[in-house]
Amino acid sequence: MNDIQIRIRDLNFYYGEFQALYGINADIERKAVTALIGPSGCGKSTFLRCINRMNDTIDNTLVEGLLEVNDENIYSAGLDVTELRKKIGMVFQRPNPFPMSIYDNVAYGPRVHGIKNKAKLDELVQKSLEQAHLWVEVKDRLYKNALGLSGGQQQRLVIARSLAVEPEILLMDEPTSALDPIATAKLEDLVQKLAKEYTVIIVTHNMQQAARVSTKTAFFLNGYLIEMDETSKIFTAPKDQRTEDYITGRFG
Amino acid sequence: MNKLKIWDFITWVCIGLVLAVLLLVIGHVVVSGIRFINLKFIVETTSNAGRSGGIRNVISATIYLTLSALLLAVPVSIAAAIYLQEYARKGRLLNILVSGIETLAGVPSIVFGLFGFNIFVTLLGWSWSLVSGAITLALMGLPILTRTIMEAIRAVPRSYRDASLALGAGQWTTIVRVVLPAAFSGIITGIILSMGRIIGETAAVFLTFGSTLNSISSIFDSGRTMPVHVYILSSESVSIDNAYATATILLVVIIALNGLAYLYQGITKKRG
Amino acid sequence: MDIKERYIRGVLLVCASLSVIAVAAITYTIIAAGWPVFTEYGVFRFLFGAKWLPDADNIQLGILTMIAGTGAVTVCALVIGGPIGILSAVYLAELASKRTSTVIQAFIDLLAGIPSVIYGFWGLVVLVPAIRNYLGSTKGYSVLAGGVVLAIMILPTVVRISADALRAVPKEYRDGSYALGADRWYTIFKVILPAAAPGIITALILGFGRAIGETMAVLMVTGNAKQFPTSLLEPITTITGNIALEIGYSWGLHRQALFACGAVLMIIILLVNFLINRIIRRAAGGIYE
């Protein structure tokens, strides 16, 4: 058994009056890919955004319960959100490179965290782009605008941007939903490689994708975590009837 | 954390300044001016070059000029907005027409004044008159009217047009029967707001409508509008008291028009 | 298309073309009316002459002092109004709740609707005496008074257009920046403001155009002294103010010179529009490049 990096106990989440998550309990392993699946609006993205406190940027939200990363409660009063987000990178549904050069995009995070040394930045940029399997494609155009890249390249750039702050965990919110099949395959390949060094949590509405890339899968429905287990078990022998219904395509 | 607070504070100060300026300007003028206003001031005509008497003739000149300008500009603007929004296709022509409107909107008031002065006042020999002023102001009002009316027309859902066209109605019939009625409240709001602009105009009016304290009896009569009256009374030190009073009435009218447009928009939004 | 539809379409097109025709007619009329000044009197003498003596036997029609006066109040207005306007826009677009933002925007629209003569009047009765009494200006009528009044007048334009540009920045940029651990102001300065830069520059250029063309308000507070602006507290004359003051009693070459002043303004405004179009086009092009 691998060790647990993220521990969630009785987590409730509210948007104003509306409760989006109910009593979530889960343990997420270090250096593995955990897939979150479920129909639209089931709370899987909300759950993901709890882990790096991105929900803080939305007004009128409330979190209850315990969410520990490396045995530290991330919702405790004294926690530095900047440090937390440095530790936890995030990739969004639509590629969102900033309207600046490729280099500046990747260097953005390190600069946020106070790295000014040019040599150090150069090194981080190259290393991150290599890890994101993008270096070869962009090394001659580092100072061109990132918006000139293709969708798949943009998404890998965003991953490189996250890696540049040397995180431990990568959150991915349906990262392939805006990509074509070839770019998707490349990205899935990348996700598996990244899992050797990072803890990856990926939200996906594509069950084949979950089956292909993840070691553990969690199934969400209407704000509840219905079932979480080895991916192979979830897809071959789910314990809960609702999981089976979803996986066999009876709803969602 | 401290740096964040400092910038929060600076933006607070900026927006505070903007609002404070508004209150200071309106507050000062209205508070100082209100005590000079009474019924006599509104119903009597000016005497002694504005030192005494009321401003009835000034108010009526303002109304004549504003309504004449709107009468000229509104139909043309509606027609222009319909063309640009409903007929024109994307391309060079549309770009030229739209950039013409944008450019005209940026032309300074004094340049409109010079144009009107040259063409209507001197070349056509209409002198400083209601007709010279009204045409000049109508031209000035054209871009803002056209833009607001275009917006109102744009807000009409595509489906309304499709439904009418699918029933076999022609494009013009669809526009007259479906699009314009649906855009009506937006058009009215646009006209009210433009009216505020036209009423407040000074430089171009000064150069084309003149500044005589006549009562208007024909379109070739010259007259003095409220803004021009405020300008002359104050800058030539004729009567600061009456300048305050006139400025207050002008401000109240402008605020009332803005409020009216705002309320009207609110009411129709709720209903629709 | 039947004949009626075609006829209607033609009439509508004529109405829609009126603005373009008006711009052309105004430009032509003003330049033509001022033309003799450029040819007979001389462009160089007109633009760079420091003396304006229309009634002298040896007539002098140099507008350099007025160009400098207009430049001084305009720069003053942008220096005061620009930063305040942009930061106010940041407040409306980034910090304020939607409700607060809507209410404040309504007030700012009201600010835009107030006639320029009211600002001029306020400047005359409040600002000018204040500058005379507290800042030691001998007359009070000054570059500073003009600059402040103009700053107030360009604020609504700067705020509205900058705020629109800021709101148009995709939410994804903010998310991306926050997710990397950046705080609100780092995100605003490094991502959002640069992304909105074309819109903000457009706002400033429009403000510049409005400031340069403004007549009455500035005329009322700057004192009509045809001299170079040597200090913020000295009176000056602007190009626009001079036209308004002198056109009524001018004749001959003097009147033509006033039209030539209008032509100079018109050319500046056309340049401003051209610039804005380029910025917008380049900004739009940049995204698809």
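Once every DSSP H run of n ≥ 4 in chain A is given -39500 (n - 2.57) and the sum is divided by its residues, what mean residue ellipticity at 222 nm do you get, rounded to the nearest 500 deg cm²/dmol? Here the helix-only value at 222 nm equals -10000 deg cm²/dmol. Which shape class applies to chain B: rounded if a/c is under 1.5, otherwise prolate when a/b exceeds b/c and oblate if not, where a ≥ b ≥ c are the square roots of the Cα gyration tensor eigenvalues? The shape class here is oblate. In chain B, the sites counted are trypsin sites (Lys or Arg not before Pro) in DSSP loop states with at most 15 other Cβ atoms within 10 Å, and the longest stretch holding none of them, exclusive of the sites, is B:91-272. Using a Gaussian network model of chain C in which every pair of alpha carbons under 10 angstrom is joined by a spring, one finds that among C:ASN58, C:ASN242, C:ASN277 the greatest mean-square fluctuation is at C:ASN58. Distance from the Cα centroid of segment A:103-131 to that of segment B:67-145 is 55 Å (rounded to whole angstrom).
Beta carbons within 10 angstrom, averaged per residue: use that to sort the peptides A:116-123, C:137-144, highest first. All intermediate terms of the calculation are to be shown ahead of the outcome.
On the way: A:116-123: 11.1, C:137-144: 22.0.
So the order, starting with the most tightly packed, is C:137-144, A:116-123.
Straight-line cross-link reach from B:LYS90 at under 19 Å between alpha-carbon atoms covers no lysines, not counting any fewer than eight positions away in the same chain.
Just to check, using Stokes-Einstein with a Kirkwood Rh over alpha carbon pairs, what's the diffusion coefficient of segment C:1-159 at 4 °C and 1.567 mPa s in µm²/s? Kindly include the intermediate steps, with their values, before the conclusion.
Values: Rh = 20.2 Å.
For these conditions, the coefficient is 64 µm²/s.
Counting Cβ atoms of other protein chains within 10 Å of each Cβ in C:166-176 and taking the mean gives 4. In terms of other Cβ atoms within 10 Å, A:LYS44, A:LYS239, A:LYS186 run from fewest to most in the order A:LYS239, A:LYS186, A:LYS44. Measure nothing but the geometry: give the 0 to 90° angle between the long axis through the Cα atoms of B:2-33 and the longest principal axis through the Cα atoms of chain B, rounded to 10°. Taking Cα atoms only, the helix is inclined about 60 degrees. Pairs from the list A:LYS139/A:LYS216; A:LYS87/A:LYS239; A:LYS86/A:LYS216 with a Cα-Cα gap above 32 Å: A:LYS139/A:LYS216; A:LYS87/A:LYS239.
Checking a compactness column here: for the protein assembly as shown, what do you get for Rg(Cα) / (2.2 N^0.38 Å), N being the number of residues?
Working: Rg = 32.3 Å, N = 813, 2.2 N^0.38 = 28.1 Å.
Cα-based Rg divided by the globular estimate yields 1.15.
Counting Cβ atoms of other protein chains within 10 Å of each Cβ in B:17-24 and taking the mean gives 6. Each of the peptides A:152-162, B:165-175 was scored by the mean count of other Cβ atoms within 10 Å over its residues; in descending order, highest first, they stand as A:152-162, B:165-175.
Each peptide in C:30-37, B:61-68 was scored by the mean count of other Cβ atoms within 10 Å over its residues; highest first, the order is B:61-68, C:30-37. Summing +1 for each Lys or Arg and -1 for each Asp or Glu, what net charge is found among the other residues whose Cβ lies under 13 Å from the Cβ of B:ILE232? It works out to a net charge of +1. Taking Cα centre as origin and charging only the Cβ of basic (Lys, Arg, +1) and acidic (Asp, Glu, -1) residues, the dipole magnitude of the protein assembly as shown rounds to 1000 debye.
For segment C:60-288, what is the charge dipole size about the Cα centre, in debye to the nearest 20, if Lys and Arg each add +1 at the Cβ and Asp and Glu each add -1 at the Cβ?
Values: 16 positive and 9 negative charges, 50 e Å.
Computed about the Cα centre, the dipole is about 240 debye.
Summarising the label geometry, the points placed 7 Å from Cα in the beta-carbon direction at A:LYS196 and C:ARG278 lie 5.2 nm from one another.
Which of B:ALA20, B:THR208, B:SER47 sits closest to the plus end of the dipole of chain B, meaning its Cα is farthest towards the positive end, when Lys and Arg get +1 and Asp and Glu get -1 on the C-beta? The one lying farthest along the dipole's positive direction is B:ALA20. Remark: spin-label model distance A:ASN25-B:ARG177 equals 6.7 nm, labels positioned 7 Å along the Cα→Cβ axis.
Peptide B:188-199 shows a mean partner chain C-beta count of 1 within 10 Å per residue C-beta. Can you give me the C-alpha center-to-center distance between segment B:194-272 and segment C:224-238, rounded to a whole angstrom? Computed from Cα coordinates, the inter-centre distance equals 30 Å.
Distant-in-sequence amide contacts of A:GLU227, defined by a placed amide H-H separation under 5 Å and a gap of 5 or more residues or a different chain, comprise A:PHE219. The distance separating the Cα centre of segment A:16-90 from that of segment C:1-71 comes to 64 Å.
Summed over qualifying helices (DSSP H, 4 residues or more, each -39500 (n - 2.57)) and divided by its residue number, chain C shows a 222 nm mean residue ellipticity of -23500 deg cm²/dmol. May I ask for the angle, rounded to the nearest 10°, between helix B:180-200 and the longest principal axis of chain B, with both axes built from Cα atoms and the value confined to 0 to 90°? Result, in degrees: 20.
With the charge dipole of the protein assembly as shown set up from +1 on Lys and Arg Cβ and -1 on Asp and Glu Cβ about the Cα centre, the Cα lying farthest toward the positive end among the listed residues C:VAL73, C:ALA195, C:GLY136 is that of C:VAL73. Of the residues A:VAL136, C:VAL272, B:VAL230, A:VAL191, the one with the fewest other Cβ atoms within 10 Å heads the list, and the complete ranking is A:VAL136, C:VAL272, A:VAL191, B:VAL230.
Within the shell defined by Cβ-Cβ distances under 15 Å, the residues around B:ALA61 carry a net charge of -1, with Lys and Arg each +1 and Asp and Glu each -1.
For the residues C:ILE236, C:ILE201, C:ILE118, a GNM of chain C with alpha-carbon springs under 10 Å puts the largest fluctuation on C:ILE118. Summing +1 for each Lys or Arg and -1 for each Asp or Glu among the other residues whose beta-carbon sits under 12 angstrom from that of A:TYR75 gives -2. Only DSSP H runs of four or more residues enter the estimate; each adds -39500 (n - 2.57), and after division by the residues of chain B the mean residue ellipticity at 222 nm equals -23500 deg cm²/dmol. On the basis of the beta-carbon distance and an R0 of 60 Å, C:ASN133 and A:LYS239 show a calculated FRET efficiency of 0.10.
Any idea what the dipole of chain A comes to, in debye rounded to 20, about its Cα centre with Lys/Arg Cβ at +1 and Asp/Glu Cβ at -1?
Numbers: 30 positive and 33 negative charges, 163 e Å.
Dipole of chain A, to the nearest 20 debye: 780 debye.
With both labels modelled 7 Å from their Cα along Cα-to-Cβ, the B:ALA49 to C:ALA25 distance reads 3.6 nm.
Read-outs throughout are calculated quantities, based only on the coordinates presented, and are distinct from any laboratory measurement. Because the structure is predicted, anything quoted here is derived from the model rather than measured. So basically every Cβ, Gly included, is an ideal-geometry build from the backbone, and we count neighbours across all protein chains shown.
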